[in-house]
Every structure is written in C-alpha cells, then in structure tokens.
1. So how do V78, V242 line up by other beta-carbon neighbours within 10 Å, fewest first?
2. From the phi of every residue in the range 292-301, what ³J(HN,Hα) in whole Hz does the Karplus formula 6.51 cos²θ - 1.76 cosθ + 1.60 yield, where θ is phi - 60° and glycine or proline is x?
3. Need the list of lysines near K97 for cross-linking: C-alpha distance under 18 angstrom, and skip anything on the same chain fewer than eight residues off.
4. Could you please report the charge total around A142, scoring K, R as +1 and D, E as -1 over all other residues with beta-carbon less than 9 angstrom from its beta-carbon?
5. Taking H as built 1.01 Å from N, whose amide H comes closer than 5 Å to the amide H of G442, not counting residues under 5 places away?
6. May I ask you to give the average projected area over all directions of the convex hull of the Cα atoms of the range 266-387, in nm² rounded to one decimal?
7. Within the P(r) computed for the range 152-302, what percentage of the Cα pairs occupies the region above 19 Å?
8. State the dimensionless ratio Rg/Rh of the range 230-303 (Rg: radius of gyration of Cα atoms; Rh: Kirkwood radius).
Amino acid sequence: MSAFAAQRANQPPPIEDAQLQRTKRAASASAFGSMLEYYDLNIYGAASALVFSHVFFPESSAGSALLLSMATFGVAYVARPVGGLVLGHFGDRIGRKKVMLATLVMMGAATFAIGCLPSYATLGWLAPVMLVVCRILQGFSAGGEQSGGNAIILEHAPTSRRNFFSSWTMTGTTAGIVLASLAFLAVAKMPDEQLYSWGWRVPFWASAIVIIIAYMVRRRLEEPEAFQEVVQNDEVATLPIVDLVRTHPVAILRVIACSMTASVGTVVSVFVLAYAVDDNGFDRSTMLWVSITSNLLALLCLPAFAVLSDRIGRKPVWLAGAVGCAVFTAVYFQAVATQSTLWVYIAAFALTSVCYSAVISVGTSFYPEMFHTRIRYSGSAVGTQIGYAVAGFFPTIGYAIIGDGPNGWIPIVALLFVILAVGFFAVATAEETAGLELDELGQPARG
C-alpha cells in the first residue's frame with residue numbers, strides 16, 4: 001500500500017459518507033424491527049382467519065367463532081394508541097434507540113408466548129383470555145415500533161432522500177407479511193387435526209429467529225444529531241402529548257385520517273382471506289399465495305414510489321395511490337365473489353402491489369414530517385396508532401355488515417370508500433413536506 005493510500009485509509013470518512021452510513025444503519029435496524037412486527041401481526045391475522053375459531057372458540061357457532069377470532073385480532077389495535085402514547089412519550093424524552101429496543105423485546109416475547117398457549121379444550125375460557133392478553137402486549141409494543149423507526153431514519157437521512165430511506169421500514173413490513181404467509185403456507189396443507197393441535201404454533205415460535213437478528217442490528221443504532229441537539233439545548237418536552245395537542249392539533253388529525261386508510265391492508269390480509277376461503281370456496285393455500293406474490297411485487301414498488309415522492313412530492317404520489325385503492329378494492333372483491341383465481345391475482349397485484357404501496361411508502365416520511373423533532377415520535381405514534389385502531393377492527397366490522405349473496409361485499413367497499421375519501425381530503429389540504437430541511441418541519445404555523 002502506498003503512503004498516500006495508507007494516509008487515506010486512516011482518515012475518517014467524509015461527513016456525507018458518515019451520514020449515509022448512519023442512515024443505512026438506522027434504516028436496516030428499523031426495517032428488521034418492522035419485519036418482526038408485521039410477521040407477528042400477520043401470522044396472527046392468518047391464524048385468526050383460519051385456525052383460532054377452532055382452537056380457542058370451538059363451542060361457538062361457526063359464524064360467531066370467526067367473529068370472536070377476528071375480534072381478538074382487532075383488540076391489539078385498541079392497545080396500539082396506548083402504546084403509541086406511552087412509548088412515544090419516552091421516545092421523545094429518553095431517546096429513540098432505548099424505546100425501539102424495548103418494543104422489539106415486548107413484541108417478540110408476546111408472539112412466542114402465543115405459540116405456547118393451551119387450547120380451549122385444555123384450559124377452557126382462560127385460554128382465549130390469555131390469548132387476548134398476549135395480543136394486547138403485541139399491540140402495545142407495535143404502537144411505538146414503526147413510528148420510532150420512521151423518526152430515527154428521518155432524522156439521520158439527507159433531505160433529498162428522506163422518503164427513500166424511510167420506506168425501508170415499509171419494505172421490512174412487507175417482507176414480514178411475505179414471511180408470515182410463507183410460514184403459514186408451510187403448515188396450511190397439514191391435516192386439520194395436526195394443524196389445530198400443534199401446526200399453527202410453529203410460525204409463532206419461528207419469530208425468535210427474527211428477534212435475535214433484529215436485536216443485534218438495533219443495538220448498533222446511534223441517536224440522531226437532531227434529537228441530541230434538542231437534549232443539549234434543554235428543549236426536551238416534559239409532557240410531549242400536551243405539547244403535541246397544543247402546537248400540532250391539525251397535524252394529529254391529518255395523520256389519523258391518513259392512517260385509517262390502513263383498513264385497505266387489514267381487509268386484504270385478514271378479511272378477504274377468511275371471506276374467500278369460508279364463503280367462496282377458495283383453497284387456503286391459493287389465498288396465501290396471492291398474498292405472497294402480491295407482496296413480493298410490492299417489495300419492488302415501495303422504494304420506487306419513495307424515490308418518486310422525493311422527486312415530485314409526497315402529495316401527488318399518495319393521492320394517486322388512494323384513488324387506485326378505491327377502484328381496485330371493488331375489483332378485488334368482485335373477483336373473489338365470482339371465484340376467478342386469475343382475476344383475484346390481477347386485482348391483488350393492482351391493489352396491494354401498486355396502489356396501496358404508493359400510499360404506505362409515502363406515509364413513512366410524510367406523517368412524521370408533519371411534527372417537530374422534540375415531539376416527532378409522539379406525534380407520529382399517537383396519530384398513526386389511532387388511525388390503525390380503526391383499521392384493526394375493520395375485519396370485524398366487515399363481518400358484521402356483510403350482506404348475503406354475491407354482492408354482499410358492497411357495504412364493506414362503500415365504507416372503505418368513505419375512509420379513503422377522508423384521507424384524500426386530509427392530504428390534499430396538507431402542506432408539501434418534500435424538500436424542506438429538518439429544522440423547517442413541523443413548525444406550529446405550518447399545522
């Protein structure tokens with residue numbers, strides 16, 4: 001090695017390179033956490049749609065058992081706003097990294113515990129009660145997971161690439177959905193007796209592998225300079241939620257309205273899975289493959305929409321995606337009702353891979369960009385988790401309002417249209433945040 005080369009090797013990396021390294025590290029750590037979160041949520045969603053009515057509610061009628069099973073899926077979404085409030089508070093008070101490590105451990109422990117629960121036949125009604133307790137812990141930890149990841153990436157990333165790096169959390173989310181579908185696909189072909197006794201437990205136990213990897217990656221995280229400056233300047237909010245409501249009330253409402261559009265995701269991943277299998281004669285494996293392939297395609301679309309958002313703005317990409325969701329949700333339900341496997345795949349690709357990917361990819365940066373650094377974790381967590389609470393119960397609501405016959409899905413799609421319209425208005429009237437510097441984001445005057 002020449003003297004010049006040796007001298008260069010001993011020099012610290014340029015500031016830009018160091019920032020990029022920190023950003024990639026934060027994005028990777030957040031992506032792994034999101035992958036675990038949505039692996040856990042989606043194996044539970046698949047289990048609630050296909051298994052739990054038999055394991056935990058066997059004495060109820062088929063319809064009532066499925067409704068109760070769907071309700072246990074939704075109960076986590078009630079805990080998510082509480083988790084967002086508590087974890088967001090500490091994330092803005094003591095730092096992003098510590099809270100993100102805590103959410104990882106809580107989520108992983110709750111998921112592994114679900115796989116160890118006794119059935120109703122063994123423990124009676126105490127079994128579903130324990131299931132609900134574990135599900136609440138899942139929801140509580142999820143309330144601060146992705147919001148913390150988005151905040152820490154946002155505060156590390158260069159302005160011109162904020163959405164691209166923030167979208168890594170959603171890429172992790174989608175990878176988690178794919179892994180969950182693959183995990184359940186592996187056990188879905190089991191005879192019912194084996195599936196209901198022990199087969200369904202294996203995907204929950206497998207989450208331990210993701211926990212270990214994610215924890216090792218996340219330990220190497222650094223607190224963003226923007227948050228460190230808040231601490232050094234003694235600007236840490238004493239009660240972030242009070243500060244949030246006082247200075248950013250409109251931003252909270254916007255994020256809630258936008259996050260309610262996650263109902264599209266829960267309808268596709270949970271409700272349609274049960275609707276297609278139980279009411280329209282689709283094979284379990286077929287619908288799991290629909291989920292796998294559409295989400296694999298989404299892995300390509302998510303970063304593409306994020307790059308587009310960094311170039312032309314958050315609003316046009318989000319709004320176009322929402323319009324597409326409204327159209328293709330109806331197409332998807334019609335395809336399921338007509339029992340056309342080909343059209344189910346086509347509609348799922350258009351809805352999940354393209355339109356919904358545009359919405360959720362942009363949201364990873366757009367929502368936290370509406371808040372100032374000192375309350376960004378709390379603002380993003382509380383706003384998104386209240387919206388997600390609505391989304392979490394949408395499968396239960398869907399089964400309560402579904403009609404009879406091949407067009408029974410129309411009331412569900414009509415309600416989704418309303419939710420998408422509310423989100424559309426919230427984004428259309430918001431300020432464009434692409435291109436703004438970090439210290440310009442979330443100014444109270446901007447709402």
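Computed from the coordinates by the stated procedures, all read-outs in this text should not be read as laboratory data. The structure presented is a predicted model; accordingly, all values stated were derived computationally and were not measured. When we count neighbours, we look across all protein chains shown, and the Cβ atoms used for this are built from the backbone with ideal geometry, even at glycine.
1. V242, V78
2. Karplus values, whole Hz, x for Gly and Pro: 4, 5, 5, 6, 5, 5, 4, 4, 7, 6.
3. K24
4. -2
5. Distant-sequence amide H within range of G442: F371.
6. Details: hull surface 31.7 nm².
Here the figure is 7.9 nm², rounded to one decimal.
7. Counting every Cα pair in the range 152-302, those more than 19 Å apart make up 71 percent.
8. On the way: Rg = 20.5 Å, Rh = 16.1 Å.
Here Rg/Rh amounts to 1.27.
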